[in-house]
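Everything on this sheet refers to the single structure shown next.
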Amino acid sequence: MNYSPDEVIEHVFDFITSHKDRNSLSLVCKSWCRIERFSRRRVFIGNCYAISPDRLIARFPALKSLTLKGKPHFADFNLVPPDWGAFVYPWVQALANARIGLEELRLKRMVVSDESLELLSRCFPNFKSLVLVSCEGFTTDGLAAIAANCRFLRELDLQENEVDDHRGQWLSCFPESCTSLVSLNFACLKGEINLTTLERLVVRSPNLKSLRLNRAVPLDTLQRILVRAPQLVDLGTGSYVHDPCPEVYNRLKAAIEMCNSVRSLSGFLEVSPHFMAAIYPICPNLTFLNLSYAPGLHGDELIKLIQHCRSLQRLWMLDCIGDKGLGVVASTCKELQELRVFPSDPFGDGNSAVTEEGLVAISAGCSKLNSLLYFCQQMTNAALITVAKNCPNFIRFRLCILDPQKPDAVTMQPLDEGFGAIVQSCKGLKRLSLSGLLTDQVFRYIGMFAEQLEMLSIAFAGESDKGMLHVLNGCKNLRKLEIMDCPFGNTALLQDVGKYETMRSLWMSSCEVTLGGCKMIAKKMPRLNVEIINDNDEMEFSIVDEQKVEKMYLYRTLVGHRKDAPDYVWIL
């Protein structure tokens, strides 16, 4: 057999960007494992407690880009206490001590302190990219440190974070020599912004392609920014509100007409609907439109906007679009691949403006649709069966009925057959979220047909342990399973404990699992961490094994029990 020199193999590896493929390459032989170790520049860690920083550094000493996820997904629904863990500081400290040449850091659901951002900004001289998604614990003081000290910063992307605004002058900390910015997103910040500083920063950033503003940036500032940055590809407006002055409108429209490169549009946190026509000139080129934070835009103005967006591939919006508006989307956006419809009033009276009619219309008009998140008031089996026939290429299908146990709106039957049609027709389905009245039969369908499923979220569904067993026995590629308020207990949990070593995590809350069952799985599988989250102080650790647990989080780990668990988290 002829062997290629290591340098050739390493050069070939450079063209392989998939984390999964890189992991597979390292298993071929010892030589490839060694080459992969020293050539890996980008690492993804889906659970910050699955491995330690020291072990990561020993495995990949040439690391330059790290993506790290912290809290479980259900933290997005306030099911994980805010002080549960997922602190980024130990990771930054370990990387700094090892003199790793970190250039990019992407964090999701992590606790990020100002101290960690200060350390990050001072210990990595070539640092270029910081992306924080659904993170907490830091203030604008930490952002000021990043701005002041990261001389080669190209990207600062803040998405849906909880940020305390200690001073609104953090943008002023970017030095005058900073000309490297390519992407700047501070839409989630609530505080005031130094508008003059922002404009100057934009002017001296000729390579700026993505800019998303917060609601403190008024319309006249937006107009001046667009004049100075017509090269933008991704634009997030701030406060799109102004007096209906013709001169202001004309200046804005002229500035927008210069922005021929814009492909992604978001924002409109506050909006004057009569100014929306100024956006129309760039709409034909848009491939992504995000109106999920624009409650002031609805009715005819929203429909008029959609009618100008014939090239959309991704569309996020609120349910005030209505079934009629979704019909317009279906007839206009023939290239649509991803649709997300969020509730405009999730805690209101439940009168959602979209139903199964809108979803059926979308499926009939948008045959390329492969990703869906749909909040609605009702659904029917017939509608889901039609959707499955019209759009067999779904990779992600997440349906949330605001009344989570509501049956078929016409027949009053469970929605088993509808979701069964989805998993049977969509062979490539990787992520699924269920809603509505469901029996064990739907889980039988999932276990039989959802061969590629990687993530499943379940709430208020099923009748017995058989439902969970159908999923665990049938879904060979399952990586994350999230269960809430379902009648699944120890029998399902303990049937095949070896399955959990092939998964990233299992979350169960308000189910029938007992402390004894959790202890048993922890004893049988020492490479799993089994956490009992008792944040309501209604349980004592010395209670009998028959006591039901409120929240259990089980995950695979290579480093044993974590050391930073709060008192209310019991690691068995």
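If the only charges are +1 at each Lys and Arg Cβ and -1 at each Asp and Glu Cβ, what is the size of the charge dipole of the chain around the Cα centre, to the nearest 20 debye?
Result for the chain is approximately 2480 debye, rounded to the nearest 20.
Dipole of the chain (Lys/Arg Cβ +1, Asp/Glu Cβ -1, origin at the Cα centre): which of Leu156, Ala421, Leu339 lies farthest to the positive side?
Ranked along the dipole, the leading option is Leu156.
Any idea of the accessible area per residue across segment 168-219, 1.4 Å probe, to the nearest Å²?
Spelled out: the 1.4 Å probe surface of segment 168-219, per residue, equals 39 Å².
How big is the charge dipole of segment 221-266 about its Cα centre, in debye rounded to the nearest 20, if each Lys and Arg gets +1 on its Cβ and each Asp and Glu gets -1 on its Cβ?
It works out to roughly 120 debye.
Classify segment 1-64: rounded, prolate or oblate, from the alpha-carbon gyration tensor (a ≥ b ≥ c, eigenvalue square roots; a/c under 1.5 rounded; otherwise prolate if a/b is larger than b/c)?
Prolate.
Write down the accessible area per residue of segment 280-378 in Å², having rolled a 1.4 Å probe over the full set of protein chains.
For segment 280-378, the per-residue accessible area is 39 Å².
Find the relative contact order for the chain and round it to a whole percent, using C-alpha pairs within less than 8 Å whose residues are 6+ positions apart.
RCO, the chain: 6 percent.
Structure shown: which of Lys368/Lys427; Lys499/Lys523; Lys324/Lys427; Lys20/Lys563; Lys406/Lys499; Lys499/Lys524 lie over 22 Å apart, alpha-carbon to alpha-carbon?
Lys324/Lys427; Lys20/Lys563; Lys406/Lys499
Rounded to the nearest 5, what is the percent of antiparallel bridges among the DSSP beta bridges in the chain?
Percentage antiparallel, nearest 5: 15.
Give me the 1.4 Å probe accessible area per residue for segment 440-540, excluding ligands and nucleic acids, in Å².
39 Å²
Going by a ≥ b ≥ c, the root eigenvalues of the Cα gyration tensor, does segment 362-504 fall in the rounded group (a/c under 1.5), the prolate group (a/b larger than b/c) or the oblate group?
oblate
Using helices alone, what [θ] at 222 nm do you get for the chain, with -39,500 (n - 2.57) per DSSP H run of 4 or more residues, divided over all residues and rounded to the nearest 500?
The helix-only estimate for the chain comes to -9000 deg cm²/dmol at 222 nm.
Applying a 10 Å radius around every beta-carbon, put 64-74, 283-293 in order of their mean neighbour count, most first.
64-74, 283-293
In segment 374-463, if the dipole is taken from +1 on Lys/Arg beta carbons and -1 on Asp/Glu beta carbons about the Cα centre, which of Gln405, Met448, Asn393 is farthest to the positive end?
Checking the options against the dipole of segment 374-463, the answer is Asn393.
Please list the non-local residues whose amide H lies under 5 Å from the amide H of Ser344, H modeled 1.01 Å from N, same-chain partners needing a gap of 5 or more.
Result for Ser344 returns Asp319, Cys320.
Note the full-extension length gain between His308 and Ser261 as 0.36 nm times their separation in residues minus their Cα-Cα distance, in nm to one decimal.
Residue separation times 0.36 nm, minus the Cα-Cα distance, leaves 15.3 nm.
Would you mind telling me the share, in percent, of accessible area of the chain contributed by carbon and sulfur at probe 1.4 angstrom?
Ligands and nucleic acids excluded, carbon and sulfur give 51 percent.
What chymotrypsin sites (Phe, Trp or Tyr not before Pro) does segment 125-198 have in DSSP loop regions with at most 16 other beta carbons within 10 Å?
Qualifying residues, ordered by number: Phe152.
Compare the Cα positions of Ser363, Asn473, Leu102 along the charge dipole of the chain (+1 at Cβ of Lys, Arg; -1 at Cβ of Asp, Glu; about the Cα centre) and return the one farthest towards the positive end.
Leu102
Read through the labelled values [x] 68, 64, 54; [y] 84, 50, 45; [z] 72, 63, 62 and report the label of the one computed as Cα extents along the principal axes in Å from the structure.
Working out Cα extents along the principal axes in Å from the coordinates points to [z].
The values are calculated or read from the model by the stated rules, or taken from the named source; none is laboratory data. Keep in mind that what you see is a predicted model, and the values were worked out from it rather than measured. Quick reminder, even Gly has a Cβ in these numbers, built from the backbone with ideal geometry, and neighbours come from all protein chains shown. All accessible areas refer to the heavy atoms of the entire protein, side chains included, with ligands and DNA or RNA removed. Shrake-Rupley method; radii C 1.70, N 1.55, O 1.52, S 1.80 Å.
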